[in-house]
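Visitor: Have a look at the structure that comes next, please.
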Amino acid sequence: EQPKLMHKMLDKLAQSVAVYLNAQIAAGAQAVMLFDTWGGALGTEEYLEFSLRYAQQVRSLLNTDVDGQKIPTVLFTKGGGQWLESMADTGYDALGLDWQTDMQQARARVGSKVALQGNMDPITLYANPEVIREKVGNILNKYGSGSGHVFNLGHGILPDINPEHVKAMVDAVHEL
């Protein structure tokens, strides 16, 4: 109802997030990630205007060169698979993918412009270790060979997940 006020608020928020992430970098963070858990709920015009614009602003304010070492930056928008090309143009080094985005298609769409992180469905960790291993293999196969993939869940881990199932996932990633 008040887009000018919303832009003013989002500008302040972007500046604050950048200050926070820069403090994390100064404290020794080896990578930083901007999470936009609700961005996928927006329409395209609204996402570009009210979310991606400010994610790009945050990125432009980050000090990612520390003593000659580049600190990688990751942008994650849950439900944002339809905007991968636009997201890849924001200056982030990697894009986080939720489980609803096909890894093979995502890689084809962004090429080597950015790395990809994700994208196993967190619910998979309720399955038995054999199923978890199969799902890990499917994601790795869809990404294919080469560097540029950080295996991860497609969103946060659920609090009641059996730690042995997380171990099965990590072991499968290392083995496969």
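Visitor: Largest first, please: the extent of the C-alpha atoms of segment 61-113 along each principal axis, to the nearest Å.
Guide: 37, 20, 17 Å, listed from the longest principal axis down.
Visitor: Highest GNM mean-square fluctuation, the chain, Cα pairs closer than 10 Å: which of 55, 18, 41?
Guide: 41
Visitor: Apply the Karplus parameterisation 6.51 cos²θ - 1.76 cosθ + 1.60, with θ equal to phi minus 60°, to every residue of segment 122-139 and state each ³J(HN,Hα) to the nearest whole Hz, in sequence, with x for glycine and proline.
Guide: So the J values, rounded to whole Hz, are x, 5, 4, 5, 7, 6, 6, x, 5, 5, 4, 4, 4, 5, 4, x, 4, 5.
Visitor: Of the lysine pairs in the chain, how many meet both conditions: Cα atoms under 25 Å apart, and a spacing of 8 or more in sequence or different chains?
Guide: Close lysine pairs under the 25 Å cut-off: 11.
Visitor: Explain nothing, just the number: dipole magnitude of the chain about its Cα centre with +1 on each Lys and Arg Cβ and -1 on each Asp and Glu Cβ, in debye rounded to the nearest 20. Mind showing how you got there, number by number?
Guide: Details: 14 positive and 20 negative charges, 65 e Å.
Here the size comes out at about 320 debye.
Visitor: Compute the signed sum of charges (Lys and Arg +1, Asp and Glu -1) over the other residues within less than 10 Å, Cβ to Cβ, of residue 77. Each step should come with its number before you reach the end.
Guide: On the way: positive: 78; negative: 36, 98.
Surrounding charge for residue 77 is -1.
Visitor: Around residue 100, with a cut-off of 11 angstrom between Cβ atoms, what is the net charge of the other residues, counting Lys and Arg +1 and Asp and Glu -1? It would help to have the intermediate numbers written out before the result.
Guide: On the way: positive: 78; negative: 98, 102, 121.
The answer is -2.
Visitor: Specify the residue with the greatest mean-square fluctuation among 146, 80, 137, computed from a Gaussian network of the chain linking alpha-carbon atoms under 10 Å apart.
Guide: Looking only at 146, 80, 137, the largest GNM fluctuation is found for 146.
Visitor: Here is a further query. Can you give me the distance in nm between label points at residue 134 and residue 113, each placed 7 Å from the Cα along the Cα-to-Cβ direction?
Guide: Between residue 134 and residue 113, the label points sit 3.5 nm apart.
Visitor: Cut-off 10 angstrom, C-alpha nodes, Gaussian network model of the chain. Which of 135, 78, 12 fluctuates the most?
Guide: Highest fluctuation of the listed residues: 12.
Visitor: Find how much the distance from residue 147 to residue 11 grows on full extension, using 0.36 nm per residue of separation minus their present alpha carbon separation; answer in nm with one decimal.
Guide: Gain on extension, residue 147 to residue 11, equals 45.5 nm.
Visitor: Taking amide H positions as placed in the peptide plane 1.01 Å from N, state which residues far from residue 97 in sequence (5 or more) or on other chains have amide H under 5 Å from it.
Guide: 117, 118
Visitor: If you build the convex hull over the alpha carbons only and average its shadow over all orientations, what do you get for segment 80-176? Give it in nm² to one decimal. Working shown, then result.
Guide: Values: hull surface 23.6 nm².
Quarter of the Cα hull surface area: 5.9 nm².
Any read-out appearing in this document is the output of simple, stated calculations on the displayed coordinates, not a laboratory observation. None of the values given here were measured: they were computed from a predicted structure. Every residue, glycine among them, receives a Cβ derived from its backbone with ideal geometry; neighbour counts consider all protein chains shown.
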